[in-house]
1. Using every alpha carbon pair in the stretch 172-404, what percent of pairs falls into each 10 Å bin from 0 up to the bin containing the largest distance?
2. Here are some pairs, 245/326; 336/370; 326/370; which of them have Cα atoms lying more than 22 Å apart in this structure?
3. How would you order 191-197, 349-355, 392-398 from highest to lowest mean count of nearby Cβ atoms within 10 Å?
4. Mind listing the long-range amide H neighbours of residue 97? Cut-off is under 5 Å, sequence gap 5 or more, other chains count too, H placed in the peptide plane at 1.01 Å from N.
5. Separation of the stretch 197-217 and the stretch 328-405 by C-alpha centroid, Å?
6. Roughly speaking, what is the centre-to-centre gap between the stretch 235-252 and the stretch 101-121 when only Cα atoms are used, to the nearest Å?
Amino acid sequence: MSRAVAISWLGLFAIVLLGAERPPGLADVRDVRHWSYKNYTRVVVELSGPTGRSEVKRLAADRKAGRPERIYLDLPNVWVGTRYADPIRVGDGLLRGIRLGQNRATASRLVIDLERYERHRLFQLTSPDRLVLDIYAHRGPHGGTITARHPSAQKAPRGAPPALKAAPSPRTSLRPVHTVVIDPGHGGDDPGAVGVGGVREKDVTLRLARELALRLRERGFQVFLTRERDQKVSLEARTAFAEGKGADVFVSIHANAARRRGAHGIETYFLDKGHERHSLRVAARENGVPPNELDALQRAVAGLKVSEMSIQSRSLARAVHGKMVKGVRKTHGSVKDLGVKQAPFHVLFLSGMPSILIETGFVTHPQEAKRLASRFYRAVLAEQIARGLSSYRSERSAKLARHAS
């Protein structure tokens, strides 16, 4: 154990043994959740209030002390006290366990005991405040572990451990499109938007997702749905599922709503740093974020490196959106084209693959609500989305062929 870490744990013991009072104004840890897949684990720490910025750092394994390789980060303005005195066991092949402790009177420390590690991603979200840490590793061709580490982890550092820089996701490189994860928005006790005639967003999205899955499988795609029935699934769980399935494309399906009953049309979103105020309002509604936190959404996306993935997501959005508008106009005569737009949806910046979010129409518009409740209309939408994805797949295959030649 390094001297710096030893001192920090001594600080925790001093807090406990001396019975130091909790400083005012600190956030509590409400919950710690994790989702495990073959080569990927997501850890979410939910808080009762905001924490400050933090860096992920590494400690090499200490064989003599029986300590595994670890990564850790401090959570300023967070109080844990002795609530998590026992580690949270994971044992999924990537993580041995998760530990939380009071590092200083005004900061807690999150420690991840590792079995395998290659790279990570770190996000901070609001409403509720939570920290999301994604950890990746890969197995060898015969199931063995690839032991490659981040460059800064090759040698044990002297003095204070270094901050690790999150490595880019392999999905930013050009690769074939085979696996699609469809995300039917909302579900369970979260109905989403409820419109004219009681049409519920959660019902529209699930029925459309099922129809789309059938049509994509007919075209040779491997398809998974983030929910197969009427159940509530958190935004973190939806995107963790897509990461765990190794998705090449993530498609989140929603239905729009507006106070103005005359608002109608189809729009498709991808993640980029540029966005209009209207896009932020739509993102706030789908993220479950109060309108007064729109600026927080802007700050969140401003800190992301989205340029390379944005290019692929934009191509995907244009391919799908163009087919949808054209197909609906052919069968139903008219639909307002609201365009391809950028917005900071949580399901988009928590996804590590080309991702889009489709607003299939307004349940608050009389005609569109009736359409979205119609099986025939949903079949038209599903067919056009499938054609758009097929077009995107062909475009990617052509690029791969040019790169190979």
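1. 8, 35, 40, 15, 2, 0
2. On the way: 245/326 31 Å; 336/370 16 Å; 326/370 19 Å.
Check vs 22 Å cut-off fails for 245/326.
3. On the way: 191-197: 18.4, 349-355: 24.9, 392-398: 16.0.
Packing order, densest peptide first, comes out as 349-355, 191-197, 392-398.
4. Hits under the 5 Å cutoff: 90, 91, 113.
5. Cα centroid to Cα centroid, the span is 13 Å.
6. Their Cα centres are 24 Å away from one another.
FYI, it's all coordinate maths here, none of it is from the lab. Remember, it's a predicted structure, so these values are computed and weren't measured experimentally. Neighbour counts are summed over all protein chains in view; Cβ atoms, including those assigned to glycine, are modelled from backbone coordinates with ideal geometry.
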